[in-house]
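To keep things clear, I will list the structure first and then write my remarks on it.
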Amino acid sequence: DGLAHAFPAEPRHWNNLGLFLRDEGDRLRATQGALEPAPKPYDEALVNRLWTDSLAAYETALELEPRNPNYLNDTAVMLHYYFVRDLERAKQLYQQGFEEATALLKRTDLSPETRAAVKIALRDTGNNVRLVQKLIDKRAAEAAGKLDKPAGG
């Protein structure tokens with residue numbers, strides 16, 4: 001939080017803040033994201049506040065560097081796996097991240113560290129766009145009455 005506020009124009013500090021807040025929510029909930037059931041009781045309000053603040057930090061990083069495939073993926077992950085909402089936006093962010101990563105990897109001037117990070121973004125956005133589409137399709141089928149809705153969902 002300190003670095004993001006000390007250097008508010010530096011997107012990686014906001015992205016790191018998002019990661020730290022997300023991870024703390026995961027730690028308290030003892031899971032990764034809302035799609036997994038929590039194995040033990042936890043302070044739901046606190047976890048939701050951490051995840052809300054995480055999404056806000058990721059959104060800030062994305063505003064500062066809107067074509068960064070890692071920031072596109074991280075923001076979409078919050079919508080897809082954590083809040084399970086705005087799934088069409090998450091899909092669009094994943095698709096844009098995949099396109100940006102593909103374009104970046106064609107460049108010859110990337111540092112080895114940047115190239116490695118972009119390769120991870122390419123893999124993750126490619127996988128996640130397929131997974132979010134499955135969830136979108138499942139919800140559409142449920143809404144059309146073709147599938148039974150899960151208990152509590």
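The values are calculated or read from the model by the stated rules, or taken from the named source; none is laboratory data. None of these values were measured; they are calculated from a predicted model. Because the Cβ atoms are built from the backbone with ideal geometry, glycine has one as well, and the counts that use them run over all protein chains shown. Surface areas here come from the heavy atoms of the whole protein model, side chains and all, with no ligands, DNA or RNA. Shrake-Rupley method; radii C 1.70, N 1.55, O 1.52, S 1.80 Å.
Taking each residue of region 51-73 that is of a type in the set (Val, Ile, Thr) and looking for partners that are open to solvent by 20 Å² or more (accessible area, probe 1.4 Å) and in a helix (DSSP H, G or I) with beta-carbon atoms closer than 6 Å, six or more apart or interchain, yields THR60/TRP14.
Answer yes or no: is there a residue in region 94-106 that is of a type outside the set (Ser, Thr, Tyr) and either within 26 Å of GLU44 (Cβ to Cβ) or not in a helix (DSSP H, G or I) (or both). Yes, some residue in region 94-106 is of a type outside the set (Ser, Thr, Tyr) and either within 26 Å of GLU44 (Cβ to Cβ) or not in a helix (DSSP H, G or I) (or both).
The number of residues in region 126-140 being touching a residue at least 12 places away in the same chain (Cβ under 8 Å) and over 14 Å from the mean Cα position of the chain (by Cα) comes to 4. Checked against (1) among the acidic types (Asp, Glu); (2) within 21 Å of ASP137 (Cα to Cα); (3) buried (at least 22 other Cβ atoms within 10 Å of the Cβ), ASP74 passes all but a single condition, namely (2). Within region 24-71, the set of residues being over 24 Å from LYS91 (Cα atoms), assigned to a helix (DSSP H, G or I) and open to solvent by 30 Å² or more (accessible area, probe 1.4 Å) comprises GLU24, ARG27, LEU28, GLU44, ALA45, LEU46.
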